[in-house]
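The values are calculated or read from the model by the stated rules, or taken from the named source; none is laboratory data. In this text, all values refer to a predicted model and were calculated from it rather than measured experimentally. Every residue, glycine among them, receives a Cβ derived from its backbone with ideal geometry; neighbour counts consider all protein chains shown. Surface areas here come from the heavy atoms of the whole protein model, side chains and all, with no ligands, DNA or RNA. Shrake-Rupley method; radii C 1.70, N 1.55, O 1.52, S 1.80 Å.
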Amino acid sequence: MCTVVIDVAPSSDRRARLLAVRDEDPDRPWDDLGEWWPDERPGVIGIRDRRAGGAWLAADPAAGRLAVLLNRADVLDLPADQALSRGSLALDSVAGRSPNAPDRGDLVRRMHGFNLLEVTPEGTRVLSWDGVELRETRVPEGVHMIAHDDLDDPRTARIDAWLPRFAAAAPEDDGWASRWVDVLGESAALSPEDDRAIVRDNHVHGYPTMSLLFCTAEVAPGAVAVQSRVLARPGHWD
């Protein structure tokens with residue numbers, strides 16, 4: 001139940017800025033931002049899942065590409081030994097191989113649901129898989145949020161609660177990241193079990209995941225700048 005806030009500049013600028021909060025099982029091993037794939041993916045940086053080897057967030061700065069993976073509910077009944085890890089999606093995306101390519105349908109059908117946010121020199125979009133259909137949603141100019149449902153979905157309590165605040169804190173200057181982090185800290189005044197919370201403990205909602213870290217990133221043609229900050233305690237803003 002991760003959360004991403006993204007500000008897409010006018011098409012003539014071809015830039016995007018984002019804040020991404022990662023929710024995961026604290027007992028699942030992972031590595032903070034780094035170049036974890038030097039042989040097969042030189043220059044790619046990301047947050048690595050040690051168990052499957054994939055990434056939650058990945059970026060290729062030289063290509064001006066970034067991708068973030070968010071889980072989504074689906075209608076699939078996939079045995080655990082047959083389901084493919086979704087962690088390859090972000091890595092493949094920054095290499096220019098998106099899940100909606102004609103030759104990747106069989107691969108996607110063996111994965112549980114996801115929202116994949118892709119930021120590229122060609123634009124920004126979300127690819128959503130619910131076990132039945134793989135849909136593409138273009139992200140228009142302006143500030144938007146996405147979690148486990150659709151882009152800017154008011155049914156997602158944290159989007160309904162916080163999208164206006166993030167939009168108000170995103171004027172065009174270099175201070176956007178600190179202002180968005182301040183809003184994230186403001187949201188943490190809520191209990192991590194509150195469904196409006198962005199820094200979350202999802203056990204009460206039936207999931208073993210908690211907020212572990214957040215990243216800020218700025219993407220432009222031929223350049224990506226990413227910073228990460230690990231929370232001292234999962235699910236808590238200290």
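Tabulated data
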quantity: Of residues in region 79-92 being of a type outside the set (S, T, N, Q) and open to solvent by 60 Å² or more (accessible area, probe 1.4 Å), the one farthest from the chain's Cα centre (by Cα); calculated: Asp81
quantity: Enumeration of residues in region 8-25 that are surrounded by 16 or more Cβ atoms within 10 Å (Cβ to Cβ), in contact with a Pro (Cβ under 7 Å, 6 or more places away or on another chain) and not in a strand (DSSP E or B); calculated: Arg14
quantity: Residues that are within 21 Å of Gly53 (Cβ to Cβ) and open to solvent by 50 Å² or more (accessible area, probe 1.4 Å), drawn from region 68-78; calculated: Asn71
quantity: Among residues of region 179-215, those that are in contact with a Leu (Cβ under 8 Å, 6 or more places away or on another chain) and β-branched (Val, Ile, Thr), counted; calculated: 3
quantity: Among (1) assigned to a loop (DSSP other than H, G, I, E, B); (2) within 19 Å of Leu116 (Cβ to Cβ); (3) modelled with pLDDT of 95 or more, the one test that Arg196 misses; calculated: (2)
quantity: Pick from region 93-122, criterion of a type in the set (Asp, Glu) and within 18 Å of Pro221 (Cα to Cα), ranking: least open to solvent (accessible area, probe 1.4 Å); calculated: Glu118
quantity: Flag if Arg125 is surrounded by 22 or more Cβ atoms within 10 Å (Cβ to Cβ) and in contact with a strand residue (DSSP E or B) (Cβ under 7 Å, 6 or more places away or on another chain); calculated: no
quantity: Hits in region 79-92 (condition: in a loop (DSSP other than H, G, I, E, B) and either in contact (Cβ under 8 Å) with a residue 24 or more places away in the chain or of a type in the set (Phe, Trp, Tyr) (or both)); calculated: Gln82, Ala83, Leu84, Ser85, Arg86, Gly87
quantity: Matching entry among Val183, Val224 (being touching a helix residue (DSSP H, G or I) at 6+ places or on another chain (Cβ under 7 Å), open to solvent by less than 70 Å² (accessible area, probe 1.4 Å) and either of a type in the set (Ser, Thr, Tyr) or farther than 16 Å from Thr3 by Cβ (or both)); calculated: Val224
quantity: Near pairs, Cβ below 7 angstrom, 6+ apart or cross-chain, from region 94-113 (farther than 20 Å from Ala83 by Cβ) to any residue that is part of a loop (DSSP other than H, G, I, E, B); calculated: Val94/Val44; Ala95/Arg41
quantity: Any hit, region 62-78, residues being part of a helix (DSSP H, G or I) and of a type outside the set (Lys, Arg); calculated: yes
quantity: Neighbours by Cβ (under 7 Å, 6+ apart or cross-chain): first from region 1-25, closer than 17 Å to Pro121 by Cβ; second polar (S, T, N, Q) and outside any loop (DSSP other than H, G, I, E, B); calculated: Ile6/Thr124; Val8/Thr124; Ala16/Thr124
quantity: Cβ-Cβ under 7 Å pairs, at least 6 apart or on other chains, region 34-58 side touching a residue at least 24 places away in the same chain (Cβ under 8 Å) and open to solvent by less than 20 Å² (accessible area, probe 1.4 Å), far side part of a loop (DSSP other than H, G, I, E, B) and of a type in the set (Ser, Thr, Tyr); calculated: Gly54/Ser85
quantity: Count of residues meeting criterion [among the β-branched types (Val, Ile, Thr) and either open to solvent by 40 Å² or more (accessible area, probe 1.4 Å) or at pLDDT below 95 (or both)] in region 128-175; calculated: 2
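Results for (1) over 25 Å from Arg14 (Cβ atoms); (2) at pLDDT below 95; (3) touching a strand residue (DSSP E or B) at 6+ places or on another chain (Cβ under 6 Å), shown as yes or no for each residue.
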| position | (1), (2), (3) |
| --- | --- |
| Leu190 | yes, no, no |
| Asp201 | yes, no, yes |
| Val219 | no, no, yes |
| Val224 | no, no, yes |
